[in-house]
Amino acid sequence: MIRPSLVPLPSRLAALLGALAVTSTSLAAQNPPATGAGAAGGAAAATTGQPPAAGQGGATRGPRPYAQVVPSRARTDRGGITVHKVDERFLFEVPDSLMGRDFLMVTRVAGVPAGSGGFQSAGSSLNERLVRWERVGDRVLLKSISTAAVADDSLPIAKSVAQNYYPAIIGAFPVAAYGRDSASAVIDVTDFFGSDNPATSGLDANQRRAYGVRRYDPARSYIASVRGFPINVEVRQVQTFDAATPPSDPDGGSVTMETRQSIVLLPKTPMRARYSDARVGYFTVDRINYGLDVQKAESQTFITRWRLEPKDPAAYARGELVEPVKPIVYYLDPATPTRWKPFVKQGVEDWQKVFEKAGFKNAIIAKDVPSASEDPDFDMDDARYSIVRWAASLTRNATGPHTHDPRSGEIINSEITWYHNHMRSYRNWLIMETGAANPAARTLNMPDELMGETMRQVITHEIGHALGLQHNMIASASFPVDSLRSVTFTRKYGVSATIMDYARQNYIAQPGDGLQAKDFIRRLGPFDDYAINWGYRVTNTPSPEAERKVLHDWLVNQNTPFPYRYVAQQAGSADPRNQTEDLGDDPVKASTYSTANYKRMIPQLVQWTTAPGEDFTELREVYEESVGRWFGNMGHVATVIGGVEVDLKTGEQSGAVYKVVPKARQKAALAFLSATAITTPEWLQPKEITSRIGPNPIVTTRQAALITSLLAPGRLGRMAESERYDGVSAYPLAEYMGDLTRAVFPNATTDLNRRQLQRVYIQRLEALISPPTTPAGGGGPGGGFGGPQRFLPFITAPAVQTSDMPALARQQLREIQRSARTFGVGSTSATTRAHWNDLAERITSILEPR
């Protein structure tokens with residue numbers, strides 16, 4: 001048996017399973033005390049005759065008779081760990097059979113402080129750690145365990161692993177009493193959960209600093225409830241902190257939140273793990289296995305996935321569709337508005353057809369939460385249940401995290417969250433990205449069918465994450481741009497080869513192409529079929545190691561119209577195919593179609609977003625987001641410049657992993673940006689809009705950001721490295737900088753936008769001559785296939801000061817200075833003449849500093 005090493009666990013681990021069938025009854029919530037120390041105080045102990053727990057609020061006297069510690073008046077939940085409530089004290093009765101077993105302890109936020117914002121909503125996981133209960137004499141210790149390093153117990157090195165990865169003790173409890181036959185230990189956990197314990201706190205160090213937390217207030221904090229279930233214990237706590245700058249009610253001077261702790265028994269025998277492959281986009285768990293017979297400390301990486309096992313293995317082996325022993329079940333939050341609930345349910349169950357590719361039918365099911373009469377013990381906070389939550393929040397997003405067993409990657413629970421205000425995001429995106437060609441999207445009040453379909457696909461995307469799938473931004477590049485104008489193509493494939501791409505709506509289709517409203521929305525695609533089959537199909541192999549060849553063969557022997565491919569975002573950040581929010585295989589062509597649609601849409605925004613009796617707040621919001629999104633498309637084009645395509649391969653595969661984007665494509669991309677975005681796009685600033693919302697600098701601001709991106713050290717470094725790597729395909733850096741300078745300074749004619757851009761350009765060149773200490777922009781870490789260093793030097797930004805960039809920047813400044821002096825003399829406009837003279841003087845101060 002392989003045992004994990006001992007050390008504190010990083011957050012976002014997970015797990016579940018195991019069985020101990022017992023009934024569960026709810027303990028009444030403990031009312032907050034009017035005065036005193038509340039659940040953590042010593043007065044309650046005096047009323048029960050129960051000694052406080054040493055270290056966690058306890059005395060030093062030894063165990064007492066069981067009947068004294070757990071009197072007849074105790075309220076009891078009998079589960080794997082039995083929970084007793086005696087007056088205001090909470091006791092755990094931990095059986096010897098669970099001592100040394102692996103549990104997952106998950107801290108979640110259950111009640112979010114008003115005004116805290118961000119992606120934190122009820123149900124969000126704050127911390128996850130693997131823990132074990134261990135009895136040492138008359139004490140029970142709660143230890144935090146790591147799975148970062150392992151070795152088989154039978155190997156000599158296992159002892160060294162245990163010694164060098166020692167566990168942290170996060171709780172120590174004197175045994176208050178022993179159970180019958182001394183087969184269990186009763187401990188008082190009141191102070192552990194009722195005090196300001198770092199292991200159970202809802203606020204981390206950064207939040208405490210942000211809110212100016214001075215202290216935890218026990219008088220306004222209490223344990224709301226403790227419930228025992230067959231394989232888990234659920235604790236709810238109300239925690240109050242004195243704070244100088246709370247997120248809401250600043251005069252109140254406090255932060256109050258509700259947290260919950262789930263302590264879940266993990267399977268005694270972990271699920272069989274499946275090795276990951278960086279060419280398939282799954283979330284993973286990693287560990288160092290010191291027991292492997294290799295000449296280094298070897299890492300093992302497994303994918304995260306649910307345990308799906310066929311009910312009828314023989315039928316499954318014959319290729320028949322078979323139901324799983326235990327399907328994946330999601331319960332829909334009762335807070336979900338009735339009109340949207342069918343779309344949420346469908347978004348979950350859309351994955352059923354995908355799982356059929358892996359041989360399973362009815363593998364995933366959405367259910368309503370049972371009523372109290374149907375199941376009086378059902379609790380949405382019970383870690384055995386996965387929930388699709390509806391969060392009353394102004395946050396515009398949705399999330400799909402999951403909790404998994406860190407030993408094997410088995411997903412045991414997930415909390416999908418749809419934030420209420422995310423409908424606002426999609427309303428705006430539908431208008432600006434599809435309104436030109438989709439008449440149904442020309443209103444602030446989208447038809448239920450269109451908004452519901454959009455919401456359905458977002459839920460499907462988030463469920464994909466909860467099934468273990470990562471984003472796959474390279475998928476949209478599998479589709480030819482012009483195919484996205486075809487009714488038959490889009491109806492079959494949607495807008496990208498996977499729902500896991502950030503390719504939300506079809507902004508390529510033009511008016512008259514004949515697409516219906518649903519054809520503009522993303523949907524499940526061939527990559528989803530492939531990834532689920534790759535991750536979930538049961539293979540007839542004796543071990544995970546033997547299975548690796550099967551998985552590899554599936555990858556290299558694909559024969560489909562759209563072969564699956566994946567590159568992690570950080571690994572392919574310089575790859576123009578691997579961008580967020582893009583569509584199609586040609587960024588320039590896609591952005592040409594996009595620009596045509598935006599030119600149709602922008603003039604209509606006043607009509608589409610205003611109404612009698614209303615001001616122009618909505619117009620301003622949709623307009624500003626439209627400008628931002630259009631410049632996002634210009635960013636897709638910019639990525640072609642200095643672009644490097646990354647296609648991960650293994651030793652027996654031919655062809656290069658890195659391919660420099662051909663020079664002709666790079667130059668064409670710069671020419672497109674020069675004509676479309678660097679030249680002032682006056683159509684983006686129509687008087688119909690500016691006269692209603694007032695002067696708005698957003699176009700100039702976005703143009704400046706584009707210029708900054710085009711001179712980012714990461715991009716320039718890639719271009720310089722590409723010359724050495726592939727001189728034939730490379731766009732020489734000196735040539736590029738000269739072309740870019742001419743695009744920004746084409747002649748003496750200027751307008752307000754152009755003058756501001758030219759000043760930004762000078763500032764960016766100055767930053768290349770005197771760079772900040774930390775390399776800026778355009779880079780990013782490596783990561784993925786074999787570790788981050790494998791992607792250098794194409795992905796990370798270079799050391800600017802020792803590169804050719806300062807010299808080339810000085811050269812461009814001198815050329816601009818010569819032009820500025822000439823233009824300044826010949827200009828008839830006082831403002832233009834002042835501008836050129838100013839630029840010449842600025843450059844002098846840069847090149848000849850005092």
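The values are calculated or read from the model by the stated rules, or taken from the named source; none is laboratory data. All of these numbers come straight from a predicted model, not from anything done at the bench. We place every Cβ from the backbone using ideal geometry, glycine too, and count neighbours over all the protein chains shown.
For region 747-765, the condition of being of a type in the set (D, E, K, R), within 26 Å of Ser845 (Cβ to Cβ), in a loop (DSSP other than H, G, I, E, B) and out of contact with any Leu (no Cβ under 6 Å at 6 or more places or on another chain) holds for at least one residue. Taking region 173-204, which residues are of a type in the set (A, V, I, L, M) and more than 20 Å from Pro218 (Cβ to Cβ)? Listed by number, the residues that qualify are Val175, Ala176, Ala177, Ala183, Ala185, Val186, Ile187. In region 623-635, what count of residues is obtained for those that are within 25 Å of the chain's Cα centre (by Cα) and crowded, with 23+ Cβ neighbours inside 10 Å? So the count comes out to 4.
Applying the set (1) more than 35 Å from the chain's Cα centre (by Cα); (2) under 18 Å from Pro681 (Cβ atoms); (3) not hydrophobic (A, V, I, L, M, F, W, C) to Ser709 leaves exactly one unmet item: (1). Within region 489-499, the set of residues being over 20 Å from Asn597 (Cβ atoms) and part of a loop (DSSP other than H, G, I, E, B) comprises Ala497, Thr498, Ile499.
Restricting attention to region 813-845, the residues being under 49 Å from the mean Cα position of the chain (by Cα), β-branched (Val, Ile, Thr) and farther than 17 Å from Thr741 by Cα number 3. Out of contact with any Pro (no Cβ under 6 Å at 6 or more places or on another chain), in contact (Cβ under 8 Å) with a residue 60 or more places away in the chain, in the same structural domain as Met105 (by TED's automatic domain parsing) and buried (at least 23 other Cβ atoms within 10 Å of the Cβ): is that true of Thr200 in this structure? When the stated conditions are applied, Thr200 does not pass them.
I'd like the residue in region 500-531 that is of a type in the set (A, V, I, L, M), touching a strand residue (DSSP E or B) at 6+ places or on another chain (Cβ under 9 Å) and not in a helix (DSSP H, G or I) and, out of all such residues, is farthest from Ala436 (Cα to Cα). The qualifying residue farthest from Ala436 (Cα to Cα) is Met500. Counting the residues of region 182-224 that are farther than 17 Å from Ala110 by Cα and of a type in the set (A, V, I, L, M, F, W, C) gives 10.
This table checks each residue for (1) aromatic (Phe, Trp, Tyr); (2) in contact with a Lys or Arg (Cβ under 7 Å, 6 or more places away or on another chain); (3) more than 18 Å from Ala149 (Cα to Cα).
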{"site": "Pro246", "(1), (2), (3)": "no, no, yes"}
{"site": "Asp251", "(1), (2), (3)": "no, no, yes"}
{"site": "Met257", "(1), (2), (3)": "no, no, yes"}
{"site": "Ala273", "(1), (2), (3)": "no, no, no"}
{"site": "Ser276", "(1), (2), (3)": "no, no, no"}
{"site": "Asp286", "(1), (2), (3)": "no, no, no"}
{"site": "Gln300", "(1), (2), (3)": "no, yes, no"}
{"site": "Lys311", "(1), (2), (3)": "no, no, yes"}
{"site": "Ala317", "(1), (2), (3)": "no, no, yes"}
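Here Asn413 meets the list (1) crowded, with 24+ Cβ neighbours inside 10 Å; (2) without any contact (Cβ under 8 Å) to a residue 40 or more places away in the chain almost entirely, failing just condition (2). Residue count for region 431-485 under the criterion of being under 26 Å from the mean Cα position of the chain (by Cα) and of a type in the set (Lys, Arg): the result is 1. I'd like to check something: does region 334-348 contain any residue that is of a type outside the set (Ser, Thr, Tyr) and closer than 30 Å to Asn289 by Cβ? Scanning region 334-348, I find no residue that is of a type outside the set (Ser, Thr, Tyr) and closer than 30 Å to Asn289 by Cβ, so the answer is no. Scanning region 295-306 for residues that are buried (at least 20 other Cβ atoms within 10 Å of the Cβ) and not in a strand (DSSP E or B) yields one hit, Thr304. Scanning region 137-148 for residues that are at pLDDT below 95, hydrophobic (A, V, I, L, M, F, W, C) and surrounded by fewer than 22 Cβ atoms within 10 Å (Cβ to Cβ) returns a single hit, Ala148. Taken together, Ala335, Ala315, Ala278 contain a single residue that is of a type in the set (A, V, I, L, M, F, W, C), surrounded by 18 or more Cβ atoms within 10 Å (Cβ to Cβ) and not assigned by TED's automatic domain parsing to the domain that holds Ala210, which is Ala278. Restricting attention to region 140-189, the residues that are among the acidic types (Asp, Glu) and either in a loop (DSSP other than H, G, I, E, B) or within 20 Å of Val285 (Cβ to Cβ) (or both) total 2. If the condition is being over 14 Å from Arg755 (Cβ atoms) and not hydroxyl-bearing (Ser, Thr, Tyr), then region 814-839 contributes Arg814, Glu815, Gln817, Arg818, Arg821, Val825, Gly826.
Across region 381-414, the number of residues qualifying as within 22 Å of Thr147 (Cβ to Cβ) and either outside the structural domain of Pro337 (by TED's automatic domain parsing) or part of a strand (DSSP E or B) (or both) comes to 8. Does Phe520 qualify as being among the aromatic types (Phe, Trp, Tyr), assigned by TED's automatic domain parsing to the domain that holds Pro337 and buried (at least 24 other Cβ atoms within 10 Å of the Cβ)? In short, yes.
Is there a residue being more than 30 Å from Leu648 (Cβ to Cβ), of a type in the set (Val, Ile, Thr) and either in contact (Cβ under 8 Å) with a residue 60 or more places away in the chain or touching a helix residue (DSSP H, G or I) at 6+ places or on another chain (Cβ under 7 Å) (or both) anywhere in region 260-271? Yes, region 260-271 contains a residue that is more than 30 Å from Leu648 (Cβ to Cβ), of a type in the set (Val, Ile, Thr) and either in contact (Cβ under 8 Å) with a residue 60 or more places away in the chain or touching a helix residue (DSSP H, G or I) at 6+ places or on another chain (Cβ under 7 Å) (or both). Of the residues making up region 645-657, those that are in contact with a Lys or Arg (Cβ under 6 Å, 6 or more places away or on another chain) and among the β-branched types (Val, Ile, Thr) number 1. Return the residues of region 264-275 that are buried (at least 21 other Cβ atoms within 10 Å of the Cβ) and in a strand (DSSP E or B); say none if nothing qualifies. Of everything in region 264-275, those that are buried (at least 21 other Cβ atoms within 10 Å of the Cβ) and in a strand (DSSP E or B) turn out to be Val264, Leu265.
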